[in-house]
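Notes to accompany the following structure.
All of the numbers you see were taken from the coordinates with simple rules; none came from a lab. A quick note: this is a predicted structure, and the numbers were derived from the prediction, not measured. Cβ sites come from the backbone with ideal geometry, for glycine too, and all protein chains shown count toward neighbours.
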2 protein chains.
Amino acid sequence: MELSQADRQHLDKSKQDTGSLGNTNDGLKYDSGRIAHDFSCIHSKDLLPAVGGEEATKHFLQELVNILLAYISKSLKRSSKVLDFHYPHQLKEGLEGFSLELPDQPDNLEQLLVDCRDTLKYGGTYECKIFSVNRFTYEISPVFILMEEVVLRKMHSIIGWPEEDGDGIFCPGGTMSNLYSVLLARFHLFPAVKTHGMSAIPRLALFTSAHSHYSIKKSASVLGIGSENVIVVRCDKRGKMISSELDSSIEAAKSKGQVPFYVNATAGTTVYGAFDPLNEIADISHSVTWNPHKMMGVPLQCSTILVKRKGLLQECNQLCAEYLFQPDKHYDVSYDTGDKTIQCGRHVDVFKLWLMWKAKGSEGFEAQINHCLENAEYLYYKLKRRTDFQLVFKGKPEHSNVCFWYLPKRLQNISPGPERDRELHMVAPQIKTKMMEEGFTMIGYQPLEDKVNFFRCVFSNPATQREDVDFLIDEIARLGCEL
Amino acid sequence: MELSQADRQHLDKSKQDTGSLGNTNDGLKYDSGRIAHDFSCIHSKDLLPAVGGEEATKHFLQELVNILLAYISKSLKRSSKVLDFHYPHQLKEGLEGFSLELPDQPDNLEQLLVDCRDTLKYGGTYECKIFSVNRFTYEISPVFILMEEVVLRKMHSIIGWPEEDGDGIFCPGGTMSNLYSVLLARFHLFPAVKTHGMSAIPRLALFTSAHSHYSIKKSASVLGIGSENVIVVRCDKRGKMISSELDSSIEAAKSKGQVPFYVNATAGTTVYGAFDPLNEIADISHSVTWNPHKMMGVPLQCSTILVKRKGLLQECNQLCAEYLFQPDKHYDVSYDTGDKTIQCGRHVDVFKLWLMWKAKGSEGFEAQINHCLENAEYLYYKLKRRTDFQLVFKGKPEHSNVCFWYLPKRLQNISPGPERDRELHMVAPQIKTKMMEEGFTMIGYQPLEDKVNFFRCVFSNPATQREDVDFLIDEIARLGCEL
């Protein structure tokens, strides 16, 4: 993203720090003479990987270091408070301009620095703020608990749930979110399982597509349901679950005495990027796993389980350990969210998502995802025109995945069949080994069902440009043509 | 920690950057004239919270920012490699001085900067290095996978397992580590459970002390065993599991047709800091949960499950998803550790532990834990001498937990009994509310069994000094004396 001429002038303009950034150096004398920068006219899109973004990125990171250092030094003073308690309604109403709400348009970098400072100021105990740690009760990490509430509510509204519905929690990875979803569905139908175990309830069956993520089977194993009770439903050529097959699988399970209790539908499968028929399945669903670490580009770990029925998470997971969750507190203890989770103390994964949302706005996320989809389409059309590449399935990609084989010269004139497949299966691994040795590109491959090893290019990096796509194709052809 | 005069002079001595820090600014021209600092004679203990540590901390953080920026800028160039592949044996042997091994003595800060740069250099793909992400295969995050191996092996040796034994994994929190331990024990005895579920195996029973962490019950609920099958074993007055009670509980479960398969022993219970009779229980154990986020002071999340039997983690959790784990690779795929875990992509929790170990050395950890234990003993002796405080159990603390009541004036002369207890139960919550409103101290309380609400002070912050302990006692007395 290029800076406008005006932005550049603004960025280059250095001025003395007149306190416009607030009390950056509360009581500290590190840098009394340092030159501060004006961040009010630049945005996160002007930082690296933006062309010419080095200087702005450097000064922004230095300012963050200053904020952290000032905070740490202040906290270490014995005269400092260990916490500055505010009741939930005070923080939600916004204290001195600190708003947790998520914007559609990006905030400027000065606002983000203010937000970081405010997060430290109102965040709770020292340890929680510096290390982004949630020790499960409101008193210890008030800002992060309210941040979770605000972000999860925004996600509920995007899903389309009524405002009075909806609950959720951040989980350590997408597989854990899916595990929560299975756990919740089981508890919803058979609450006795929590106390009495699987022996007290009927034999269960759950359903997922042949192309779905392996986390559903892992969950079934872990939860004591058993992986064989995950019924794998057939997909069409594009990798979408076939609804009629789901219906007949459910009937078949019932006739064997199993109780169907869970259907997993995927929006964007791992390999093909396929969308299962979500609308047909959604009517009976209670929960959504949404992984901001995927297309939204939030660094791992950042995954959520969103639950339609309020209270279900709490009922399912709470044990009310008195030494952690005391009911006799002076604030609304429903904000002590720790007992909703399987974990206890947690890493605060919400902060980076919240800050990115402030920095990009909803529109920024939309634009970056659209850019990835455009790259996928660009690659698709390029490959379609070439005789040395072959697409794995027909039709434009619906998501950012493009799946294809590369055909070395000697295989281009052999007609498709078991003989060619045997050779073709070895091509992708050989090209990838060469790629890794040279180190300029890296792309994954895998077989799937009757398809031998094929490359899978998934666009999720918003910095990727068309010339990178061109380079990738040329590299594969260069490394593979003589194989 | 005070700097010596010589250290101070060294620290103050500024010199031009002559490249002694290596290629900090590979090809970049940000700061060609900047003044670099010599970090070779100072150590992490000289940084904040050390007295006078502000300047050194600031320059150290700035150097880290420079290293990150240089790396990011270089990575964004199209001419840069996306990875610089090295085989596992190359990285383990040490490349150009980069050693993953953990020292007994602390490394100096210059070495730590070099280590950070080397981690970036050999770390794998861009995303993994910047965001500390482990995308489960060696090719994508080689350094972090080897780092895990080195750190886990060190932990095995401290536990005392023979070098040829031992396996393990970092988990998102201690509860998850405990869940893994129950999962592994169940699979070890009844591997059929993975595929067939709980209905294919006998009714299980597991054992844990009355004072143990609630994660054992949570695990039993999640895993489909049922929380009622967690048999709670009675403790002595110091909160230690009574061995004879464990024996009779096991016999009682057997006589009811349950199969005992798991005993949890705790080293340092949550409230009392009690140690269960580990040696008596250890003979039948297969795994250890070790949480570096506790006494070692590593920021959350940082928890490990260490398993004596090699291969058990992999057998228990692998599903061999072909799209993730291809057997036809050009290196030893046993380094693709992702299939050992319930999760898939993971946050790299090992890096901060590894870097802290380099920075402190084993001796640094030992000293900081001893310091916490000394603080606990100091508090114990102070409280013992006072009439307005009462200790919850007799005898010196064995760990860093000190549990006590504060007795306001009006309760000091009432003899112990239900009437006094009814009043005493309300004292800790009232004092804590006042603490939170004023914000200068914060301490937890809880009831336990027949004991009404008492304060629990757990020392884990190495920066805490005796004067902080004095201040805490004075504050409690000041806020509580008139209650």
For this session: Summarise the partner chain shielding of B:439-445 as one whole number: the mean count of Cβ atoms from other chains within 10 Å of each residue's Cβ.
Result: 5
For this session: Could you tell me what fraction of 2.2 N^0.38 Å the Cα radius of gyration of the range B:386-480 comes to, as a two-decimal ratio?
Result: 1.07
Problem set entry | Listed residue (A:P172, A:L424, A:S215) projecting farthest to the positive dipole end of the protein assembly as shown, Cβ model | A:S215
Exercise. Mind checking the mean number of beta-carbon atoms from other chains within 10 Å of the Cβ atoms in B:224-231?
Worked result: 6
Exercise. For B:G444, which sequence-distant residues (separation of 5 or more, or a different chain) have an amide H within less than 5 Å of its own amide H, given hydrogens modelled in the peptide plane?
Worked result: B:R456
Seminar exercise, completed: Given Cβ charges of +1 for Lys and Arg and -1 for Asp and Glu, the option among B:F351, B:F389, B:F365 whose Cα lies farthest towards the positive end of the dipole of chain B is B:F389
Seminar exercise, completed: If amide H atoms are modeled at 1.01 Å from N in the peptide plane, then the residues at a separation of 5 or more from A:T289, or on another chain, having amide H under 5 Å from its own are A:L306
Problem set entry | the range B:242-255 - phi-based ³J(HN,Hα) in whole Hz, Karplus 6.51/-1.76/1.60, Gly and Pro as x | 8, 4, 5, 5, 4, 4, 6, 5, 5, 4, 5, 5, 4, 5
Seminar exercise, completed: Least to most buried among A:D474, A:D46, B:D450, by other C-beta atoms within 10 Å and fewest first, runs B:D450, A:D474, A:D46
Exercise. Could you give the dipole magnitude of the protein assembly as shown about its Cα centre, charging the beta-carbon of Lys and Arg +1 and that of Asp and Glu -1, in debye to the nearest 20?
Worked result: 1440 debye
Problem set entry | In nm, spacing of pseudo-spin labels at B:E482 and B:K77 (7 Å Cα→C-beta vector) | 7.0 nm
For this session: At 7 Å along the Cα-to-beta-carbon direction for both B:A200 and B:S157, put a label point, then send me their distance in nm to one decimal.
Result: 4.0 nm
Exercise. What size of dipole, in debye to the nearest 20, comes out for the range B:215-322 about its Cα centre when the only charges are +1 on Lys and Arg C-beta atoms and -1 on Asp and Glu C-beta atoms?
Worked result: 240 debye
Exercise. Which whole-Hz couplings ³J(HN,Hα) result when phi for each residue of the range B:446-462 is put into the Karplus expression 6.51 cos²θ - 1.76 cosθ + 1.60, θ = phi - 60°, listed in order with x for Gly and Pro?
Worked result: 6, x, 7, 6, 8, 8, 6, 2, 10, 6, 10, 9, 10, 8, 9, 8, x
Seminar exercise, completed: Residues other than B:E467 with Cβ under 15 Å of its Cβ, Lys/Arg counted +1 and Asp/Glu -1, net out at -1
For this session: Project the alpha carbons of chain B onto their principal axes and report the range along each, largest first, in whole Å.
Result: 77, 63, 36
Problem set entry | ³J(HN,Hα) computed for each position of the range A:216-232 - Karplus, 6.51 cos²θ - 1.76 cosθ + 1.60, integer Hz, glycine/proline x | 5, 5, 4, 4, 4, 5, 4, 6, x, 7, x, 5, 5, 8, 8, 8, 8
Seminar exercise, completed: Here the net charge surrounding A:K396, from other residues whose Cβ is less than 10 Å away from its Cβ (Lys, Arg +1; Asp, Glu -1), is 0
For this session: Enumerate the amide H contacts of B:I231 below 5 Å, restricted to partners 5 or more residues apart or on another chain; note that Pro and chain-start residues carry no placed amide H.
Result: B:L206, B:F207, B:T208
Exercise. Could you list log10 I(q)/I(0) for the protein assembly as shown at q = 0.05, 0.07, 0.09 Å⁻¹, which the Debye formula gives when each Cα is one point scatterer?
Worked result: -0.31, -0.63, -1.08
Exercise. Going by how many other Cβ atoms sit within 10 Å of their own, how do B:C372, A:C302 line up, fewest first?
Worked result: B:C372, A:C302
Problem set entry | Charge dipole magnitude, Cβ of K and R +1, D and E -1 - the range B:354-464, Cα centre, debye nearest 20 | 260 debye
Exercise. Toward the positive end of the charge dipole of the range B:142-349, about the Cα centre and with charges on Cβ (Lys, Arg +1; Asp, Glu -1), which of B:I284, B:L183, B:A274 goes farthest?
Worked result: B:A274
Problem set entry | Distance between modelled label sites at A:Q90 and B:E228, nm, 7 Å Cα→Cβ extension | 4.6 nm
Exercise. Nearest 0.05, what FRET efficiency do A:K451 and A:V259 give at R0 = 30 Å with Cβ-Cβ as r?
Worked result: 0.30
For this session: Counting other beta carbons within 10 Å of each Cβ, put A:T433, B:T119 in order, fewest first.
Result: A:T433, B:T119
